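> The structure that follows is given in the form of structure tokens.
Read the figures in this text as sums done on the coordinates, not as results from a lab. Just so it is clear, the model here is predicted, and its values are computed rather than measured. A quick note on method: Cβ atoms are made from the backbone with ideal geometry, for glycine too, and the neighbour counts reach across all protein chains shown.
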Amino acid sequence: VTRGTVFRRVRIFDGERVIPADSVTVDNGVITGVGHDLDAPADATVIDGRDAMTLLPGLIDAHTHVVGPALRRALRFGVTTELDMANHAELMRSLKAADNEPEAGVQADVRSAGAAATVPGGHGTQFFPDIPTLTEPDEADEFVAARLSEGSDYIKVHYRDGRRAAALAGHDEMPVITQDTMAAVAAAARGRGLLSLAHVGTQEAAFEAIEAGIKGLAHIFVDQAPDKRFAEVAAERGIFVIATLTMAEGLGGGGELPSLADDPGLGPHLDATDLSMLRRLAGGQEQAIPVDLQGAQEAVNMAFAAGVPILAGTDSIMALHGAALHRELELLVAAGLTPAQALSAATAVTSDVFGLTDRGRVGTGLRADLLLVEGDPVADIVRTRAIAGVWKRGVAVPRGA
Ligand SMILES: [Zn+2]
């Protein structure tokens, strides 16, 4: 049980738009009221936005890999939930359980794919040598059942990036799962009520994943400009896309990522791991594979225009958890989304796609996962970085410097 909080004189972005209201009350970790000039419950903490601040749902990063202090790092930057896209099942179980413990207020909540589907020696096995693998379509149902019993929240497949994955890992071509086996995994997931996602790096692989019945792309492809059929087919098949433009920017040599270190809102909260990664990128790194960031942004824009749900994700692994999502929002706007649409891609759209019905919006009865910023990010997306406070289940997050 936590003390109540009331936010007054704030602009409110509810996950889709700015709503005609200026105050929000929170009690016991839940939003209890949204309206005008709401009365503060006795003994509540009053947060006064002075008509100069914006209150948003806590952000959701739809593609990460949780390593070390990732969830604690993420929360400081207003990311209250991370969707992990491949990890150790046991670690994920314990981190999810921690959301009900007193430390919930210091780390982001997480959902996870657990072990991703790959073949023996395939992409993913370089990070997780002991993960279960599969080869044939008739192994798919058992594979998915095992993930479900381990607590996987959705199913991820590493598809058809043998040469590219190998280039990134610095060795010869890696074996890849076949399209038939991917299709069988997607069908098994669907049969058990789980979303399926595919890791793809090329447009060709994206088309094949969609054809195989995969529900979501864990990345937009980065190898070329989009064929105009891509958006049509993606919309027709009802898939969603996690953009991960930040990952493309990083792979492509770093782009403007190093400037995060100088951002007055983000810089002081970055840790040594974050800063050393940004320094490495600033030093200029050789591209292990060709990356077409502009093509990736075009693909995102065309898919969005065709009605494909676009989700914000960073693919953060060792560094930049939380911070990178602010750059992702900026890249989504550069791709053609409005700031409000980009903010939805990190809140309401993601909660809708993943069925996270208790979060992703500012509304009565929902979790009080909230981000308060100075200024108006709906007018200028980089204002998400001017963080005035973060609340997780109604608890103010200690941010430090
Ligand atoms: Zn990933």
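> When the chain is modelled as a GNM with alpha-carbon springs shorter than 10 Å, which of Glu103, Glu330, Glu139 fluctuates the most?
So, out of Glu103, Glu330, Glu139, the one fluctuating most is Glu103.
> Sticking with this structure for a sec: Enumerate the calculated ³J(HN,Hα) couplings along region 222-231 in order (Karplus 6.51 cos²θ - 1.76 cosθ + 1.60, θ = phi - 60°), each rounded to whole Hz, writing x wherever the residue is Gly or Pro.
Taking θ as phi minus 60°, the curve returns 10, 8, 6, 5, x, 5, 5, 5, 4, 5 Hz for region 222-231.
> A further question on this structure: By per-residue mean of other Cβ atoms within 10 Å, what is the highest-first order of 379-386, 88-95? Before the final figure, lay out each step's value.
On the way: 379-386: 18.9, 88-95: 16.4.
Top of the packing list down: 379-386, 88-95.
> Compute the acute angle (0 to 90°) between the alpha-carbon long axis of helix 272-282 and the principal axis of greatest extent of the alpha-carbon atoms of the chain; round to the nearest 10°.
It works out to around 60 degrees.
> Could I ask something else about it? Counting only Cα, what are the radius of gyration and maximum Cα-Cα distance Dmax of region 277-401, in Å?
That works out to 16.0, 49 Å for Rg and Dmax.
> What lysines could a cross-link reach from Lys156, if we take a straight Cα to Cα line under 16 Å and drop same-chain neighbours fewer than 8 places away?
Within the straight-line cut-off, Lys156 pairs with Lys215.
> Taking Cα centroids, how far is region 190-215 from region 86-115 in Å?
Value for the Cα centre distance between the two parts: 25 Å.
> Also, I was wondering about something else. What angle, in degrees between 0 and 90 and rounded to the nearest 10, separates the Cα long axis of helix 293-305 from the longest principal axis of the Cα atoms of the chain?
70
> What number do you get for the chain when its Cα radius of gyration is normalised by 2.2 N^0.38 Å, N = residues? If you can, show how the numbers build up before the last one.
Details: Rg = 20.4 Å, N = 401, 2.2 N^0.38 = 21.5 Å.
Rounded to two decimals, the normalised Rg is 0.95.
> Report the Cα centroid-to-centroid distance between region 258-291 and region 353-379 in angstrom, as an integer.
Computed from Cα coordinates, the inter-centre distance equals 28 Å.
> Any chance you could give the angle, 0 to 90 degrees and rounded to 10, that helix 179-191 forms with the longest Cα principal axis of the chain?
Approximately 40 degrees, to the nearest 10.
> Here's another thing I want to ask about it. Could you tell me how many cubic angstrom of Cα convex hull volume region 170-308 has per residue? Don't jump to the answer; show the numbers that get you there.
Details: hull volume 20.5 nm³, N = 139.
Roughly 148 Å³ of hull volume per residue.
> By per-residue mean of other Cβ atoms within 10 Å, what is the highest-first order of 111-121, 223-233, 126-136, 289-299? Can you show the working numbers first?
Numbers: 111-121: 23.5, 223-233: 16.7, 126-136: 14.7, 289-299: 19.6.
Top to bottom by mean Cβ count within 10 Å: 111-121, 289-299, 223-233, 126-136.
> With springs only between Cα atoms under 10 Å apart, run a GNM on the chain and tell me which of Asn87, Asn28, Asn100 wobbles the most.
Asn100
> Here's another thing I want to ask about it. Can you tell me, using C-alpha contacts under 8 Å and at least 6 residues apart, the relative contact order of region 247-383 as a whole percent? Before the final figure, lay out each step's value.
Details: 143 pairs, mean separation 26.9, N = 137.
Relative contact order, region 247-383: 20 percent.
> Which whole-number percentage describes the relative contact order of region 41-143, with Cα contacts under 8 Å and a sequence gap of 6 or more? Let's see the in-between values first.
Values: 121 pairs, mean separation 22.8, N = 103.
The value is 22 percent.
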